[in-house]
Amino acid sequence: TLLYTIKFEVFDNMSDGFVMIAFIFLFLVNSDAAQDDMVLITPQHKLILGRTKENAKSKTDWQKTDVKPFFIDAVPVTNDKFSEFVKKTRFTTEAENFKWSFVFEMFVPDSIKKDISQSVQGAEWWMPVEGAYWAHPAGPGSSTKNKLHHPAVHVSYNDAVAFCKHRGARLATEEEWEFAARGGMRDQMYPWGNAYEKNRMNIWEGKFPKENKAKDGFIGVAPVRAFQPQNSYGLYDMIGNAWEWTSTTFGTDRQTGQPQLTLRGGSYVDSVDGSFNHKADVTTRMGNTADAGSDNIGFRCAKDPSKEDLAKQEL
């Protein structure tokens, strides 16, 4: 695995030209990188978790915290990488053990849909499909054969932990994830700045849940490098496309009483303004139980740097 480092911090008062030059440089550096590349991030300031310019005056919506240096995947774990893991370890995901997983209704064939009598109350567009898991994301008859560079989905927290452990890595904490997503900037709404920009992330565009105009080029999950890197760290897909597990606890499920873990980033069913589902920005978060999965939940790995890694970075 090729490891490359970035020690670059974008301040709000930087000129647009300087930021663009740095961004283009990082885009060129990363364009030929392998999909399992990791970026070493060495924070130069405290993270103000959850703060944007919109809620900066409130002291209940955010908190300051220190973040130590860490590695994080440049892209979410893809189907080809997850397939390699399964072949080597004969790992069986929880969706396979449960024999079903949630699929967005738009991707469920009528031949399967007619036999489904249950759905999620208040979110009927999520349908429990028998036989749906990472290799068959829409259930029987579907395949990842032509989606090798899409994020692996239908992956539970427990599945993600097992994959990362096999790589000698772990899941990122929520604090690490948000620091990485912000790309060194403070109080910004998006990884690239404070203004929404078209064709920077895969979200829902149209009348949810029946119409997605796909102005960004995609209706469901997109390849992890479908768009340019979202920030100055050269990270892809931090916002939109598929939710990502972190190792941070979220709370307790109100119905089952089970503990939940925090997911970050939003997915292809989320919106730019929060008018439906979640508002897709760097503060977007939700919780789910460790065994949960659906066709919009994926993950990426992180790891602690060694003293040698940090010494090399100082050179």
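The values are calculated or read from the model by the stated rules, or taken from the named source; none is laboratory data. Note that the coordinates shown come from a computational prediction; the quantities given were computed from them, not determined experimentally. Cβ sites come from the backbone with ideal geometry, for glycine too, and all protein chains shown count toward neighbours. Ligands, DNA and RNA are stripped out before the accessible areas are found, and what is left, the full protein with its side chains, is counted by its heavy atoms. Shrake-Rupley method; radii C 1.70, N 1.55, O 1.52, S 1.80 Å.
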Out of PHE104, PHE91, sole residue that is under 23 Å from MET238 (Cα atoms) and either open to solvent by 60 Å² or more (accessible area, probe 1.4 Å) or aromatic (Phe, Trp, Tyr) (or both): PHE104
Failed item, numbered, when TRP134 is tested on (1) of a type in the set (A, V, I, L, M, F, W, C); (2) over 10 Å from GLY293 (Cβ atoms); (3) open to solvent by 20 Å² or more (accessible area, probe 1.4 Å): (2)
Any hit, the stretch 273-287, residues being surrounded by 15 or more Cβ atoms within 10 Å (Cβ to Cβ), among the aromatic types (Phe, Trp, Tyr) and touching a residue at least 24 places away in the same chain (Cβ under 8 Å): no
Check on PHE85, surrounded by 16 or more Cβ atoms within 10 Å (Cβ to Cβ), in contact with a Leu (Cβ under 9 Å, 6 or more places away or on another chain) and not in a loop (DSSP other than H, G, I, E, B): no
Some residue of the stretch 236-243 being touching a Lys or Arg at 6+ places or on another chain (Cβ under 6 Å), part of a loop (DSSP other than H, G, I, E, B), within 24 Å of LYS165 (Cβ to Cβ) and open to solvent by less than 10 Å² (accessible area, probe 1.4 Å): yes
Qualifying position, being buried (at least 17 other Cβ atoms within 10 Å of the Cβ), out of contact with any Phe, Trp or Tyr (no Cβ under 6 Å at 6 or more places or on another chain), modelled with pLDDT of 95 or more and not in a loop (DSSP other than H, G, I, E, B), among PHE163, PHE179: PHE179
Sole residue being more than 30 Å from GLU314 (Cα to Cα), out of contact with any helix residue (DSSP H, G or I) (no Cβ under 8 Å at 6 or more places or on another chain) and of a type in the set (Lys, Arg), chosen from LYS64, LYS81, LYS147: LYS81
Residue within the stretch 305-313 that is in contact with a strand residue (DSSP E or B) (Cβ under 7 Å, 6 or more places away or on another chain) and modelled with pLDDT of 95 or more present: yes
Cβ pairs under 8 Å, 6+ apart, first in the stretch 64-83 and within 14 Å of GLU174 (Cα to Cα) and without any contact (Cβ under 8 Å) to a residue 60 or more places away in the chain, second open to solvent by less than 30 Å² (accessible area, probe 1.4 Å) and part of a strand (DSSP E or B): LYS64/LEU47; LYS64/ILE48; LYS64/LEU49; ASP66/LEU47
